[in-house]
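J.: Dropping a structure here in structure tokens format, bear with me for questions.
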Amino acid sequence: MIQLLLLAATAFAALLQVGVLPTMFTQPAAAPLLPIGLFAAWGLVREPSEVAPSAILAAVLVGVASEDRVGWILLALLPTAALLVGARLAPNSGVARAPVVAGIGAVLYLLTLLIGAGAGRTLVAVAPAVLASAVGTAILALVAALLLRPLRARPGGLFE
């Protein structure tokens, strides 16, 4: 049941990402990345393994609704998944690490798509937009992690 909540939130975030959100910014690359912020928050509050089906759904929805290929988007989401696993292995992981994972994940996502599109020469020109996107995604992940905190996974057992 909880996985359906994540899938619904992912579908909503992915559709907002390609529909409404780019029109709110003068440079679309400066928009916060809603799926990455959601994945960072969910993966650190709950479990990183719960994010995998949603990442595939987000890649399909964003790829179909935009001009990017689904494979490139899925490839660009992989660093965020790796960061989630690494952050969960560290002690005291949780809400405080969500903005860091989301910010770094956003930068790596945008760099992967820019390099994949052959726009490696424009990295310096779009650096302010990438930084703005990373900061926005980090703030979004922090807010989402705080909202998702009541859904955190609790240890099993009768007296635990």
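The values are calculated or read from the model by the stated rules, or taken from the named source; none is laboratory data. Keep in mind it's a predicted model, so treat the numbers as computed, not measured. Surface areas here come from the heavy atoms of the whole protein model, side chains and all, with no ligands, DNA or RNA. Shrake-Rupley method; radii C 1.70, N 1.55, O 1.52, S 1.80 Å.
J.: Carbon-plus-sulfur fraction of the accessible area of the chain, 1.4 Å probe, in percent?
T.: Carbon and sulfur atoms account for 72 percent of the accessible area of the chain.
J.: Divide by every residue of the chain the summed helix terms, -39500 (n - 2.57) for each DSSP H run of at least 4, and state the resulting mean residue ellipticity at 222 nm, rounded to the nearest 500 deg cm²/dmol.
T.: -22000 deg cm²/dmol
J.: I would also like to ask the following. From the phi angles alone, apply the Karplus equation (6.51, -1.76, 1.60; θ = phi - 60°) to the stretch 16-32 and give each ³J(HN,Hα) in whole Hz, x where the residue is Gly or Pro.
T.: Per residue, the Karplus-derived 3J(HN,Hα) values read 5, 4, 9, x, 8, 4, x, 6, 8, 10, 5, 10, x, 5, 7, 5, x Hz.
J.: Give the accessible surface of the stretch 1-132 per residue, rounded to a whole number of Å², with probe radius 1.4 Å and ligands, DNA and RNA excluded.
T.: Solvent-accessible surface per residue comes out at 50 Å².
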